[in-house]
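Below is one structure, written out as C-alpha cells, with a few remarks after it.
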Amino acid sequence: MRAVVLLSAGRHPLSARPAPVPVEMQAIALARGLGADVAGLHAGAPDLAVREALGQGMDRVTVLRIGEADDAVAALAAALAADPPDLVLAGNRGRGGEDSGLLPYLLAEALGWPIAANAVALAAAAEGLAVIQARARGARWRLVVAPPAVVTVHPAAPPALPFAYARARRGRIEEQEGRSAPLVPRVAEERPYRPRPRVIGVAGGGSAAERLRAATEVAGGGRVLVDPPPEEAARELLAWLRALGFSRSADE
Amino acid sequence: MGPAGAFVLLAWILLASVLVAGARLVLRWRRGRAARVDWWAGLVALPRRYLVDVHGVVARDPRAARMHALTAGGLLGSSGLLLLGVVPALRAGVVYWVLVATSFAVALAGSAMVARRRRPVRPAHLSAGGFLWLPVWVFLYAAGGLAGAGAIVLTASPGLGFAAVVLAAVGGAGLVSGLLTGPIRHALAGAVHLVAHPRPGRFAGRRESALLPLDLEAARLGVAVAEDFAWNRLVGFDACIQCGRCELACPAFAAGQRLNPKKLIQDLAAASLPPGARPAYEGSPHPGAPPPPLAAGPIVGAVLHPDTLWACTTCRACVAACPMFIEHVDAVVDLRRHASLEEGALPEKAAAVLEAIRHTDEPEGNPLAARGDFAAGLELPVLGAGESTDVLLWLGAGAFDLRYGRSLRALVTLLRRAGVAFAVLGAEERDCGDLARRLGDEVEFARLARANIAALNARRFARIVTADPHALHVLRNEYPDFGGCYTVVHHSALLESLLAEGRLTPERRLAGRIVYHDPCYLARYNGETGAPRRLLDRIAPERVEMARHGLSAMCCGGGGGAPVSDVEAVRRIPDLRMAQAREVGAQTLAVACPGCTAMLEGVPEPRPPVRDLAELVLEAVGEG
Amino acid sequence: MRVGQRPRMRLDRRGVEAVPPAAMVAAEPAPRRRVVAEPAYLIFAVAEAEGGRLSRHERQVLGAARRLADPGGGAVVLVAPSLAEDAGAAGADRLLSLAAAERYDLEAATALLAAAAARYSPRHVLFAENEGGGDLARRLAARLGAPFAAGVEALSAREAVCPCRARRAELRLAPPFLLSLAPDRAAPHVGPAHEASPLDPPAAGAVRRGILTAAPLPVTAAEVPLAEAGLVVAAGNGVKDFAGFLRLCSALGATPGASRVVCDAGAMPRAAQVGASGTVLDALAYVAFGIAGAPQHLQGLGRVEHVAAVNTDIHAAMIARAELAIVQDARRVMPALLALLEAGG
C-alpha cells in the first residue's frame, strides 16, 4: 500500500516558528502503522516545518513549488492524479495557514475520491480501508472506505513518532514544479487574533428566568454551599451538570 | 632446578599469562572509538590516583580498605618479589625468602578478609559467582607461596617445596584465568582506566561534572553498540569490581525502577563481547527487568531495557560512590543521545517536552515573556541589551510553576531588602537546556546554549544568581564549552553572604527542627554544601542532618528528566527521601531547588512542610 | 427576581469580560409561539440532534442563526436527521428533516443538504464546528464550491470572524454562504419559542458512495481518554469507596479521574491522574470529590471552564477554584448522588 501524507507549512501557535502540524505527524504514524510505503507531499515554498517532518518517520517529501497566490489544491490534485497512491492522509485542521480544514475535502472532490474525516486508527479491511473515526465527546465510529481515498486525522489519534534529529538530517526533499493555477482571492481582512469572551454557563432548558439565573448566578461566580444535607448537595450537583448538558438520561 | 627456581619460574609464567590476557583485553578495547589520552600525565599521576583518590573512596568503608590493601598489597608484593628472584644471587639469600613469605602471609590474611565479606550471609549488593572463588584462588596462591617460601627458609625437603609450588600454581592459574571475564580483570583494567581516564579532572580533589559536548557532525550520534563508546570508556566498564556501592546509592534502584547501576556497568562491559562469551552476572538484577536476552545488536533492546536508560536521575550518587571512578552518568547520557537524536526513541512525555523546547525554547511551551509573571506587583527590572547591573537574576523554569513562584517572590523581596542591584533577562531568558541535555538532545541544548550566551554576552553584569541548581550547573560548568564563561552564584550562597555582611538581619529565629535536603546539582555536581548550612544556622537554632547528606545526599527523583520519563516504579523516590527526613524528626524540610520543591512537596501529607531557603530567610527577616 | 434589569457582567478566567446571553426579553415563557409567516430569507442551522435532542453547541448554532435572521425578518430552518422536540424553544421557525440521512450517512446527508440548499436557497447555512458538524460543513462546501468560514468565533449579520495562522491571526469577512460556529461563541436563543413548523424535504439526488459502511463502536465514558473526555469526575484523598465512585461515574456518563495521591496509592490507574504530572484536561466540566487542589493538580485543569468541588475543607484551593463548591463530606454526597440518579433524578 502506498500512502501520501499531506504536509503543510505549520507554525507554532506561541512562537510562530515553523513547526510541523501535530495531526499531520500523527498521520505519518498511522500510515506507518498500516505498513504502508509513506511519502510526504507539500505544495508551496520549501518550509522548515516540512523539513522537520522528515525527523518524524518520513523518509522523503516531495515539494510542489507553486507561488503564494497559486491554488494548492490544483497542484496537489494534479500531482496525485498523475501517480495515484492508495491513501492520502491529511490533518483535520492546519496550523499556520488559513486553518479551515477545507483543503482535504476540496482535494477529494477534485480527485473524485471519497473522504473520511477525523481518523484515530486505520486498518486494512476486506472491502477496503477501515477507519476508526473520532466523534464528539469521545465517541467512535467505524467506517469502511474504498481506496483510493482521502482520510483526515484527528488529534486523538495515537501520538506521532518522536522527532529524531539524525533522521531529519538523512531525509530527502525533492522539489518539483507544481501545477500553477491562480487561487480566487477571498475578500477578508486579516488582523491579529483577539481573544473574545465565551458564552459561559448557559442552561439548556427550563424557564427564561431559570436560564437567566443560570447565566448570571452559576457561571464562574463561585457559589458555595456550606454543609448542605447530602441529598441537597446531590440535587445541586445534578442540576449543575444538566445545565451544562450532561447526564440527561433522567429527562428522557 | 630446586623449589626456589620453580617458584621464580611460576611467577614469570604467571606474568606472561597476565601479559597475554592484557593484550587480549587491549584488542577488545581497541574496538571502541578513538579518544585523546595524555598518557604521560596519566602515568605520572597513576600512583597518586590509585593511592589517594581511589583509596580515599575505598576507605569510606575501612574494612574494605584493609581487605583491599592486604590482598592487593600481598599479591603484588609477593609476585613482584618472586619475579626479582630471576637474579640468582637474590634468590640464594634467606632474607629474600623471608620477605617473600611475609608478603604471601599478608595476601593470605587478605584472602581471609575477602572470604569473610560474604560470610555467613552474602550482602545483597555483593555479587556471587566468580566472586565466591576469588578468595579460594588467593588463598591457594598465598598459602602455597607461604608454605614454599617457608620450606626454603627452613631448608625442608625439596618435595615439600615442590608441593607448595604446585599449590601456588593452582591458585595462580585460577586468578589468571579470570583476567578476561572474571573478577580479577578489574586489576588490569583498573590500572589502565586510572591512567587513561576520560575525565582527568575527576582526580586530585577536583570534581569535573559537566557533560562533554557531542560532535553533531559525526556520522552516528551517541552510542548504539559497545563499539560506539570511546575505548577508554570500555576500559572503565571492565574496571568494575562489583562492590555494589553504586547500587546502595542509587535512588532509582531503591525505588524499584529498572536500573541497577552496578548491573548497568556489567551489561555495558558484556555488550562488547559476543553473546556466547558474556560472563554470567550473579548480583542484584535491574529491579523488575526480565532476564537479559543473549542477543547481539544495539545495547538498548539487546542488553538493556529502555526503562533502565530513562530511570536515571543523573544524580551522580553512583559516580560519587564508585571507588574506580567509573562514569555511569556519562554512559547513560551517551546511550540517551543515540536514542534521542538517532532513533527518536523517547518516553512520550519526554518527546513532548523536547518538542516544546524545539518550538518555544521552553519545556512546557510557556511564553518566555510570562516568566516574570510570578512577580506580579514586585516589578522585576529587565536588563536590556547593552545595559549593566550587578546581579543578573536567572529565574529558570521554576518561575512558571505556581508553587515555586512563591520561593522566587521571597528571593526577589530579599534582594530588594538587602539593596542588591539586580535585573532579569525577561523574554531573552530561554530555558537553560539542562533538561534537553540530560534527555540526550544535544542539538537543542547547543542551540539554547548559544542563544542564551548571545543574550548574556550582550549585557554587562558582575555575576549571575539563580535559585535553580540545574541552571547553575549548566551556566557555570557547561556553557564554557560553548563560549560563555560567567560567575554563577547559587541563591543560598548569596543570601548567606548577605546575612553574614549584615545586609539582611534576622528578626527572629525559626522554631522547630529543620532538615536540609541537598540538591544533587548543587552538592555533588558543584560541591556546595557549606553555604546552605551556614545560612540555616544563622536563622534556625535546631538544624539536624539526615543520614545521607552533603555529597552523599539522596536525590529527590527530579533530575535528569526522570519526572517526564515517568518510568514504572514500585516506590516513589521523593517518598523515600521524605521518610529519611521524618526519621530524624524533621518539622520543616528546607530545600534549595525548584525540582526538589516540586518532588518533595508532592509527597502525600502528613509530612513536614517543604520550604525553600529564600522563604525561610524571608520569614526570619520578617515580611515587613 | 426582577425582570429586565441589566444582566450582571462577569469575568471569566481569561480575564476577558463575558457577555451574558443577549435578547433576554421575558422572565416567563411566552404563552404563544412566535411565527414568522412570510420570511424575507431563510437561514439554515444544521444539527445532528443526537437522540432527538439538541446539544448545547447546537442550541448556540440556532441562537446564532436567529441573530442572522431577526434583523431582516428572516426565518431559521433547523435541518436535522430527526426532528428535535425542543426545536421551537431553541429558536427554529421551520424544520427540515433529513430523515434519509439517519445513522449519520454523511454522503447521503451531503446530497440531501445540497438538494435542500438548491430548493430553498437559504442565505446562510450554519453548522456546529465539532467532529460531525464540521465534517458535513466541509463536505457541502467542497460539493457546492461555496465559500466557507470555519470555526467562527464572532458572528453578526455584517461580519464573521474566524481564527487562522495557528490562532495568531483572524479573518474578518462578510458572512459567507457556509459557516461553522466554534463552541461557546454565541448565545443560544432565549425568549419566546418559535413556530417550528415542518418544511417539505427535498427530493434526494444521486449519492456518490465512497464510504461503504459506517457504524458506531461501543465506547463507555470510562474508556474515553481523559484528555478527550467532556465530563471528568475525579476522586481524591477524601474518597474511600472506589467501587462506588466508579459506579457513580458510569451513572453520570463521566470519565473517571483521580488526584496523584490516589494514583500513587494504586486505588486508580496512573492513566486516570489529573494534573501537571498526569493529564491536562480539555473537558467541558470537572467534578472533584474530596480533592484539596494542590497547585500541580489545579494546573491539570488548565482549560476546564466549569468546575464543581465537594470537599469538607472550606479553605481548600479546589473549593476556591470551583464555580459550584459544596462543603460537605464526599463520602456522603456520592452515595446520595448515585441514589438520586438511580431513582431517575
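The values are calculated or read from the model by the stated rules, or taken from the named source; none is laboratory data. Just so it is clear, the model here is predicted, and its values are computed rather than measured. For neighbour counting, all protein chains shown are included, and Cβ atoms are generated from backbone atoms with ideal geometry for every residue, glycine included. What goes into the accessible areas is simple: the full protein's heavy atoms, side chains included, and nothing from ligands, DNA or RNA. Shrake-Rupley method; radii C 1.70, N 1.55, O 1.52, S 1.80 Å.
Roughly how many nanometres apart are two label points built 7 Å out from the Cα toward the Cβ at A:ALA124 and B:ARG33?
Placing both labels 7 Å beyond Cα along the Cβ direction yields 4.0 nm.
With the solvent-accessible surface defined on protein heavy atoms using a 1.4 Å probe, which residues belonging to the stretch A:137-154 display a reduction of at least 40 Å² in accessible area in the multichain context relative to the isolated chain?
Flagged in the stretch A:137-154: A:ARG137, A:GLY138, A:ARG140, A:TRP141, A:ARG142, A:LEU143, A:VAL144.
For chain B, with the dipole built from +1 on Lys and Arg beta-carbon atoms and -1 on Asp and Glu ones, taken about the Cα centre, which of B:ALA454, B:SER497, B:TRP40 lies farthest toward the positive end?
In chain B, that residue is B:TRP40.
Return one number: the angle in degrees, 0 to 90 and rounded to the nearest 10, between the long axis of the Cα atoms of helix C:56-69 and the longest principal axis of the Cα atoms of chain C.
Once rounded, the angle reads 30 degrees.
To the nearest 10 degrees, how steep is helix B:261-271 against the longest Cα principal axis of chain B, on a 0 to 90 scale?
In chain B, helix B:261-271 runs at an angle near 60 degrees to the longest axis.
Can you tell me how much longer the chain between B:ARG460 and B:VAL136 gets when fully stretched, taken as 0.36 nm per residue apart minus their C-alpha distance, in nm with one decimal?
110.0 nm
Sort A:ASP83, C:ASP105 by heavy-atom solvent-accessible area, probe 1.4 angstrom, most to least. Can you show the working numbers first?
On the way: A:ASP83 85, C:ASP105 40 Å².
So the residues, ranked largest to smallest area, are A:ASP83, C:ASP105.
Quick one: if the Förster radius is 56 Å, what FRET efficiency do B:ARG220 and C:ALA37 give, using the C-beta to C-beta distance and rounding to 0.05?
Working: r = 78 Å, r/R0 = 1.40.
Computed FRET efficiency for B:ARG220 and C:ALA37: 0.10.
Of B:SER388, C:ALA87, B:GLY276, whose Cα points farthest to the positive end of the dipole of the protein assembly as shown (charges on the beta-carbon: +1 Lys, Arg; -1 Asp, Glu; origin at the Cα centre)?
Toward the positive end, the furthest listed residue is B:GLY276.
Run the helix sum for the protein assembly as shown: -39,500 (n - 2.57) per DSSP H stretch of 4+ residues, divided by residue count, reported at 222 nm to the nearest 500 deg cm²/dmol.
That calculation yields -11000 deg cm²/dmol at 222 nm.
Return the average number of partner chain Cβ atoms within 10 angstrom of each residue Cβ along peptide B:194-203.
Going residue by residue through B:194-203 and averaging, the value is 0.
Can you pull the accessible area of C:MET268 for me, 1.4 Å probe, Å² to the nearest 10?
Ignoring ligands and nucleic acids, C:MET268 comes out at about 10 Å².
Given Cβ point charges of +1 (Lys, Arg) and -1 (Asp, Glu) and nothing else, what value in debye, to the nearest 20, does the dipole of chain A about its Cα centre take?
On the way: 29 positive and 27 negative charges, 100 e Å.
Dipole of chain A, to the nearest 20 debye: 480 debye.
Quick one: pull the percentage of alpha-carbon pairs in the stretch C:218-342 with a separation above 22 Å. Let's see the in-between values first.
On the way: 1790 of 7750 pairs.
Percent of Cα pairs beyond 22 Å in the stretch C:218-342: 23.
Taking only Cα atoms, what is the 0 to 90° angle, nearest 10, from helix C:330-342's long axis to the longest principal axis of chain C?
That works out to roughly 40 degrees.
Using Cα positions and a limit of under 12 Å, work out the aspartates and glutamates in reach of C:LYS240, with same-chain residues fewer than 8 apart set aside.
C:ASP329
Could you tell me which of C:ALA109, C:ALA193, C:SER180 has its Cα farthest along the dipole of the stretch C:37-199 towards the positive end, charges placed at Cβ (Lys, Arg +1; Asp, Glu -1), taken about the Cα centre?
Of the listed residues, the answer is C:SER180.
Evaluate the Debye formula for chain A with equal point scatterers sitting on the alpha carbons, no solvent, and hand back log10 of I(q)/I(0) at q = 0.08 Å⁻¹, in q order, two decimals.
Ignoring solvent entirely, the Cα scatterers give -0.44.
Would you check the accessible area of B:ILE241, probe 1.4 Å, heavy atoms only, in square angstrom rounded to 10?
Number for this one is 40 Å².
Note the direction-averaged projected area, equal to a quarter of the hull surface, for the Cα convex hull of the protein assembly as shown, in nm².
Dividing the Cα hull surface by four gives the mean projection, 54.5 nm².
Could you sort the residues of the stretch A:7-30 by number and keep only those whose accessible area is reduced by 50 Å² or more in the all-protein-chain setting relative to the chain alone, 1.4 Å probe?
A:LEU14, A:ARG17
With +1 on each Lys and Arg Cβ and -1 on each Asp and Glu Cβ, how big is the dipole of the protein assembly as shown about its Cα centre, in debye rounded to the nearest 20?
With Lys and Arg at +1 and Asp and Glu at -1, about 2780 debye.
Return the lysines within reach of B:LYS349: Cα separation strictly under 29 angstrom, same-chain partners fewer than 8 residues apart disregarded; answer none if there are no such residues.
Cross-link targets: B:LYS262, B:LYS263.
Provide the buried accessible surface between chains A and C in square angstrom, both chains summed, 1.4 Å probe, rounded to the nearest 100.
Roughly 8800 Å² of accessible surface disappears when A and C pair.
Round to a whole number: what % of the accessible area of the protein assembly as shown belongs to carbon and sulfur, probe 1.4 Å?
So the carbon and sulfur contribution to the accessible surface is 58 percent.
Give me the mean projected area, in nm² to one decimal, of the convex hull enclosing the Cα positions of the stretch B:101-172.
Value for the stretch B:101-172: 4.9 nm².
Once the mean 1/r over all distinct Cα pairs of the stretch C:37-199 is inverted, what Kirkwood radius in angstroms do you read off?
Across the stretch C:37-199, the inverse of the average 1/r is 15.3 Å.
Place a point 7 Å from Cα of B:VAL153 in the direction of its Cβ. Which residues in the stretch B:78-112 have their backbone N less than 12 Å from it?
Flagged as within label range: B:94-106.
Would you mind getting me the FRET efficiency between C:ASP241 and B:GLU379? Use the beta-carbon distance for r and R0 = 30 Å, nearest 0.05.
The calculated FRET efficiency here is 0.05.
Suppose each label sits 7 Å from its Cα in the direction of the beta carbon; what would the B:GLU545-B:GLU387 distance come out to in nanometres?
Roughly 4.4 nm, to one decimal.
P(r) of the stretch C:134-277 in 5 Å steps, Cα pairs, percent per bin?
2, 7, 11, 11, 10, 11, 13, 14, 10, 7, 4, 1, 0
What figure, in Å² to the nearest 10, do you get for the accessible area of B:ASP575 with a 1.4 Å probe and non-protein molecules left out?
Surface accessible to solvent at B:ASP575 totals approximately 50 Å².
Report, as a whole number in µm² per second, the diffusion coefficient that Stokes-Einstein gives for chain C at 10 °C and 1.306 mPa s using the Kirkwood radius over alpha carbon pairs.
The estimated diffusion coefficient comes to 72 µm²/s.
Under the Cβ-under-4.7 Å rule, which cysteines of the protein assembly as shown stay unpaired?
If one checks each Cβ against the other cysteines of the protein assembly as shown, B:CYS240, B:CYS243, B:CYS250, B:CYS312, B:CYS322, B:CYS432, B:CYS485, C:CYS162, C:CYS164, C:CYS249, C:CYS263 turn up with nothing under 4.7 Å.
Would you mind getting me the FRET efficiency between B:ASP537 and B:ARG503? Use the beta-carbon distance for r and R0 = 25 Å, nearest 0.05.
Result of the calculation: an efficiency of 0.90.
Using 0.36 nm times the number of residues separating B:LEU84 and B:ALA511, minus their current alpha carbon distance, what extension gain do you get? Don't skip to the answer; put the middle values down first.
Working: separation 427, 0.36 × 427 = 153.72 nm, distance 6.87 nm.
This chain segment gains 146.8 nm when fully extended.
To the nearest 20 debye, what charge dipole does the stretch C:218-342 have about its Cα centre, counting +1 at the Cβ of each Lys and Arg and -1 at the Cβ of each Asp and Glu?
Values: 8 positive and 10 negative charges, 45 e Å.
Roughly 220 debye for the stretch C:218-342.
Whenever you get a sec, line up B:THR487, C:THR213, C:THR279, A:THR152 from highest to lowest accessible area (probe 1.4 Å, protein heavy atoms).
Largest to smallest exposure gives the sequence B:THR487, C:THR213, C:THR279, A:THR152.
Report the full-extension gain for the segment B:ALA128 to B:ASP481: residue separation times 0.36 nm, less the Cα-Cα distance, to one decimal in nm.
122.8 nm
Using a 1.4 Å probe, what is the accessible area per residue for chain B, in Å²?
Numbers: 23600 Å² over 624 residues.
Spelled out: the 1.4 Å probe surface of chain B, per residue, equals 38 Å².
Between the alpha-carbon centers of the stretch B:115-188 and the stretch B:28-90, tell me the distance in whole angstrom.
18
If I model a spin label as a point 7 Å beyond the Cα along the Cα-Cβ vector, how far apart are those points for B:MET1 and C:ARG158 in nm?
So the label points at B:MET1 and C:ARG158 sit 11.3 nm apart.
Suppose all protein chains stay in the model; what accessible area per residue would a 1.4 Å probe give for the stretch C:218-342, in Å²?
Values: 4440 Å² over 125 residues.
I get 36 Å² per residue for the stretch C:218-342.
Which value, in square angstrom to the nearest 100, describes the accessible area buried between chains A and B on both sides, using a 1.4 angstrom probe?
That pair hides around 1500 Å² of surface in total.
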